[in-house]
Amino acid sequence: MFRLMPSNKDNGLAKKNDPFDKLFESFFNDFDEDFFSPLGNLNARFNCFQVDVIDNEDAYIIEADLPGMEKDNVQIEYDNNYLTIIAKRDEKVETEKDNYIRRERRAGEFRRSFYIENIDMEQVEASFTNGVLRINLKKVKPTGEKKIIEIK
């Protein structure tokens, strides 16, 4: 795919230290090649976390990357066939004057939800190791019974 790159060519029309030039320069410098790639790094841009969902014969396995999170700040809910992972990151406030040049790490709550049906809620297992949340959702075995429903 093509790349859009700003040109810093001085054609004599731009004034030195023009605030509009600085504005546009900082705007275009915030873009990188992942911005224009399909779903390149959109989850990171919109404060989401990366998730893999694996469908095995007897279970669904969900692995979520939550770097820098603590286990106590992660919650898993299952309601009405929706599995929701909630991760909270608190911003640490320093009493000293901070001299940040750029600050991209944010505090807040991050959520991802997945529609997953036919799981055994009694056998759900979750672990959190080295910033990776792993959820094992055992599937309910279909009974294979056919039921005729009477129309009244």
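The values are calculated or read from the model by the stated rules, or taken from the named source; none is laboratory data. On a predicted model such as this, the values are computed, not experimentally measured, just so you know. Note: ideal-geometry Cβ built from the backbone for every residue, glycine included; neighbour counts use all protein chains shown.
Can you tell me which of 135, 119 is in contact with a strand residue (DSSP E or B) (Cβ under 8 Å, 6 or more places away or on another chain), more than 18 Å from residue 50 (Cα to Cα), surrounded by 10 or more Cβ atoms within 10 Å (Cβ to Cβ) and at pLDDT 90 or above? Spell out the reasoning first.
Working: 135 fails: more than 18 Å from residue 50 (Cα to Cα).
Just one listed residue meets the conditions, 119.
Tally up the residues in region 126-143 that are touching a residue at least 12 places away in the same chain (Cβ under 8 Å) and assigned to a strand (DSSP E or B), please.
Residues that pass the stated criteria total 10.
Take region 129-152 and flag every residue that is β-branched (Val, Ile, Thr) and within 30 Å of residue 112 (Cα to Cα). Give the steps one after another, and end with the answer.
At the first step, the residues of region 129-152 found to be β-branched (Val, Ile, Thr) are 129, 132, 135, 140, 143, 148-149, 151.
Listed by number, the residues that qualify are 129, 132, 135, 140.
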